[in-house]
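The values are calculated or read from the model by the stated rules, or taken from the named source; none is laboratory data. Just so you know, these numbers come straight off a predicted model, no measurement behind them. So basically every Cβ, Gly included, is an ideal-geometry build from the backbone, and we count neighbours across all protein chains shown. Accessible surface is based on the protein model in full, side chains and every heavy atom, while ligands, DNA and RNA are left aside. Shrake-Rupley method; radii C 1.70, N 1.55, O 1.52, S 1.80 Å.
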Amino acid sequence: MAGLKINNVTKHFNDFTALSDVSLDVADGEFVAVLGPSGCGKTTLLRLVAGFEQLDKGEIVIGGKVMSGAGANVPPENRRVGIVFQNYALWPHMTVAENVGYSLKVAKVDRAAREKRVEEALALVNLQGFGERRPANLSGGQRQRVALARCLVAAPSLVLFDEPLANLDVHLRAAMEDEFAAFHKRTGTTIIYITHDQAEAMALADRIAVLDHGRLAQFATPRTLYEEPANEMVASFIAGGMVLPADVLSGARDGSCNVRILGQETVLRCRPDEVARSDAKVCVRADDLDVVESGGIAIRVKRSIYRGGGSRIEAFPVERPDIDLHFDLPDPARLEEGAEARLAIRTGWVIPRAEGAGH
Ligand SMILES: Nc1ncnc2c1ncn2[C@@H]1O[C@H](COP(=O)(O)OP(=O)(O)O)[C@@H](O)[C@H]1O
Ligand SMILES: [Mg+2]
């Protein structure tokens with residue numbers, strides 16, 4: 001097992017910048033998710049780590065050894081990196097055991113040692129006794145576990161997953177999330193797990209690196225991403241955060257400050273260096289909004305979506321129809337389309353000023 005350091009990595013495809021100055025320090029045994037919308041550079045980052053692409057700037061260090069950059073370019077087969085893709089790419093004509101043991105056979109590992117290691121790899125993914133089956137006779141989740149066993153048999157120092165659950169249905173995804181979490185707990189393998197699904201990243205990862213157009217937007221624990229997003233992209237990408245304009249009325253004291261949002265004054269969480277300013281943006285979530293009888297912000301309902309046990313309400317401030325708000329209304333309360341109501345903001349987060357702007 002090994003840690004991974006990605007230091008100031010930049011990657012161009014012709015004049016398109018796919019990754020720009022990305023740095024990540026992943027500890028030995030850590031489970032890190034790389035999260036971001038389609039096209040933000042996730043797969044490119046993984047291919048650089050695996051050695052399938054060459055970087056233009058920066059370096060990649062695995063287990064203390066420079067693999068890419070600074071004149072080094074270690075070929076993929078010498079990096080001891082295992083990869084599990086979305087389409088598991090198992091050979092249909094081979095048994096499970098043959099699929100898992102193939103790389104060992106190519107490396108001329110003798111039969112007895114091979115069989116032992118295949119057995120161990122299958123045990124690691126809870127597939128003991130499945131060796132003689134064909135991929136066609138397995139469920140999607142079992143095939144994904146065979147793919148994982150096939151990568152583990154080579155005793156990789158880290159394992160990369162590229163959207164491994166994207167092809168599976170919702171129920172199977174939940175079950176596989178549990179499998180991956182259990183696998184990580186059991187083995188302590190360093191894992192880099194790519195996904196565009198923030199719920200999946202939150203459920204699995206120790207820390208999440210959010211990528212935005214090839215740049216690292218934030219690298220933090222799921223809780224910090226949720227509670228203290230570093231910028232507007234992270235605020236809106238994680239858990240449907242609403243980004244609202246606000247005036248900060250006082251500098252930070254004990255981690256919070258007075259803020260005016262849509263005419264309503266309230267107290268929000270903020271960085272310790274937050275200052276009074278009129279150009280702020282704040283992040284609030286559905287859970288932070290309460291329907292109140294008086295005071296608060298006057299809103300009009302655009303849509304009410306029944307969700308079982310309550311409704312998701314989409315609305316806008318009467319004074320600012322251009323701003324979208326959403327919140328949850330538990331049964332038996334109802335707010336139909338066109339209805340007016342008042343909303344109070346209970347809590348939220350003042351999004352920090354951009355780096356370099358006013359620091
Ligand atoms: N070999 C390539 N040549 C040119 N452009 C590429 C190549 N690989 C990826 N890209 C571009 O780089 C961007 C990031 O791609 P990718 O890393 O696959 O994103 P993600 O995995 O986050 O969806 C995309 O705009 C993609 O079109
Ligand atoms: Mg991808």
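Run the reach check for LYS11 against lysines, Cα to Cα strictly under 16 Å, same-chain hits fewer than 8 apart removed. What comes back? Candidates past the 8-residue exclusion: LYS42, LYS57. Close amide-amide hydrogen proximity is noted between VAL282 and LEU244, ALA246, ILE351, each under 5 Å apart and 5 or more residues distant or on a separate chain (H modeled in the peptide plane; Pro and chain starts excluded). Listed by chain and number, the lysines placed with their C-alpha closer than 23 angstrom to that of LYS105 are LYS116; residues fewer than eight positions away on the same chain are left out.
Ordered from largest to smallest accessible area (heavy atoms of protein chains, 1.4 Å probe), the residues VAL170, VAL66 come out as VAL170, VAL66.
Rounded to the nearest 10 degrees, the inclination of helix 170-187 to the longest alpha-carbon principal axis of the chain is 60 degrees.
Find out how many positive minus negative residues lie around THR195, taking Lys and Arg as positive, Asp and Glu as negative, among other residues whose Cβ is under 12 Å from that of THR195.
Working: positive: LYS42, ARG173; negative: ASP162, GLU163, GLU177, ASP197, GLU200.
Local net charge: -3.
Between the Cα long axis of helix 96-106 and the first principal axis of the chain there is an angle of about 60°, rounded to the nearest 10.
For a straight C-alpha distance cut-off of 16 angstrom, the lysines reachable from LYS65 (same-chain residues fewer than eight places away being disregarded) are LYS5. Report the Cα centroid-to-centroid distance between the stretch 67-100 and the stretch 145-194 in angstrom, as an integer. What the calculation gives is 14 Å, centre to centre. Between 0 and 90 degrees, the angle of helix 111-124 with respect to the longest Cα principal axis of the chain falls at about 20 degrees.
In whole angstrom, note down how far apart the Cα centers of the stretch 1-56 and the stretch 258-317 are. Using only Cα atoms to place each centre, the spacing works out to 36 Å.
Please give the peptides 181-190, 262-271, 331-340 ranked by average Cβ packing (other Cβ atoms within 10 Å per residue), highest first, as a rough proxy for protection.
Details: 181-190: 16.1, 262-271: 18.0, 331-340: 11.3.
The peptides rank, most packed first, as 262-271, 181-190, 331-340.
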